[in-house]
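Encoded as structure tokens, the structure appears first; notes follow it.
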Amino acid sequence: MNQDFTKLSKFLSLILRHSPSTIGIELEYHGAWADTEELINGINRTDKYRINMKILEEIVNSDNKQRYSFNDDKSKIRANQGHSVDVDMGFAEKIPPEILYHGTAERFVNSILAEGLKKMSRQYVHLSCDKETASKVGTRHGKLHIFKVLSGEMHRQGYKFYCSDNGVWLTDCVPPSFLE
Ligand code: HQG
């Protein structure tokens with residue numbers, strides 16, 4: 001993806017996860033879908049970016065984390081995870097692997113050990129199935145620390161887990177006793 005597409009993709013994340021009103025659109029509550037045409041028109045109205053269906057398709061297809069999806073006829077588009085707005089993605093509960101990982105910054109470690117992992121501004125706590133992904137997530141925040149999450153044990157004790165279409169594991173919270 002070239003530089004302009006990276007910026008445009010970040011802007012798409014802002015709209016489709018956090019702030020659709022930035023371009024004067026709304027997301028459907030069920031499924032978090034935006035109308036593709038409204039999205040394109042809304043982005044073009046900002047005068048910051050020029051976008052059309054071809055560019056949007058290229059961003060969706062080339063995104064390194066497969067962050068976005070179209071519906072079947074491409075009349076709607078959404079982010080696969082990461083929302084802070086109140087939407088229902090309709091995720092089905094799924095049995096997690098025995099261990100998941102959470103990458104974060106060292107400066108958050110004491111607070112996390114005391115309070116557990118909280119969803120902060122998002123709808124869920126985000127967990128990764130491999131250390132490499134967790135390290136990329138954590139490095140965004142500062143000096144990396146990776147927590148091992150005893151997800152299998154959490155699940156046996158009744159905690160619910162979901163997995164987004166792009167493979168991010170989600171749960172409501174991780175109490176300190178399930179962190180290593
Ligand atoms: C931390 C990216 C103090 C938590 C990634 C994290 C992900 C606490 C930060 C997705 C805490 C929240 C989400 C506590 C949690 N005390 N700090 N009790 N509990 N935290 O960005 O997981 O690239 O909302 O460790 O790939 O970093 O944007 O969550 O550091 O999947 O597509 O609070 O965002 O996806 O930060 O990242 P975030 P995250 P994209």
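The values are calculated or read from the model by the stated rules, or taken from the named source; none is laboratory data. Owing to the predicted nature of the structure, the values given are computational and were not obtained by experimental measurement. All Cβ positions, glycine included, derive from the backbone under ideal geometry; neighbour counts span all protein chains shown. SASA here: full protein model, heavy atoms, side chains in, ligands and nucleic acids out. Shrake-Rupley method; radii C 1.70, N 1.55, O 1.52, S 1.80 Å.
Take residue 119 and tell me if it is of a type in the set (D, E, K, R), open to solvent by 70 Å² or more (accessible area, probe 1.4 Å) and within 19 Å of residue 171 (Cα to Cα).
Details: of a type in the set (D, E, K, R): yes; open to solvent by 70 Å² or more (accessible area, probe 1.4 Å): yes; within 19 Å of residue 171 (Cα to Cα): yes.
Yes.
Out of (1) touching a strand residue (DSSP E or B) at 6+ places or on another chain (Cβ under 6 Å); (2) open to solvent by 80 Å² or more (accessible area, probe 1.4 Å), what's the single condition that is false for residue 163?
(2)
May I ask you to verify whether residue 142 is loosely packed, with under 14 Cβ neighbours inside 10 Å and either aliphatic (A, V, I, L, M) or within 13 Å of the ligand (Cβ to nearest atom) (or both)? Don't jump to the end; show me each part of the working.
On the way: loosely packed, with under 14 Cβ neighbours inside 10 Å: yes; either aliphatic (A, V, I, L, M) or within 13 Å of the ligand (Cβ to nearest atom) (or both): yes.
Against the criterion (loosely packed, with under 14 Cβ neighbours inside 10 Å and either aliphatic (A, V, I, L, M) or within 13 Å of the ligand (Cβ to nearest atom) (or both)), residue 142 qualifies.
Within the set of pairs 6 or more residues apart or between chains, which connect a residue that is farther than 22 Å from residue 94 by Cβ and in contact (Cβ under 8 Å) with a residue 24 or more places away in the chain inside segment 109-132 to a residue that is open to solvent by 50 Å² or more (accessible area, probe 1.4 Å) and part of a strand (DSSP E or B) with Cβ atoms less than 8 Å apart?
109/145
Could you grab me the full set of residues in segment 69-85 that are in contact (Cβ under 8 Å) with a residue 24 or more places away in the chain and over 22 Å from residue 172 (Cα atoms)?
Our first condition is that a residue be in contact (Cβ under 8 Å) with a residue 24 or more places away in the chain; within segment 69-85, this holds for 69-71, 74-85.
Answer for segment 69-85, where residues must be in contact (Cβ under 8 Å) with a residue 24 or more places away in the chain and over 22 Å from residue 172 (Cα atoms): 69, 70, 71, 74, 75, 76, 77.
Does segment 27-43 contain any residue that is in contact with a helix residue (DSSP H, G or I) (Cβ under 7 Å, 6 or more places away or on another chain), farther than 30 Å from residue 180 by Cβ and touching a residue at least 60 places away in the same chain (Cβ under 8 Å)?
Within segment 27-43, one or more residues are in contact with a helix residue (DSSP H, G or I) (Cβ under 7 Å, 6 or more places away or on another chain), farther than 30 Å from residue 180 by Cβ and touching a residue at least 60 places away in the same chain (Cβ under 8 Å).
Which condition from (1) surrounded by 13 or more Cβ atoms within 10 Å (Cβ to Cβ); (2) charged (D, E, K, R); (3) away from the ligand (no atom under 16 Å from the Cβ) is the one that residue 93 breaks?
(1)
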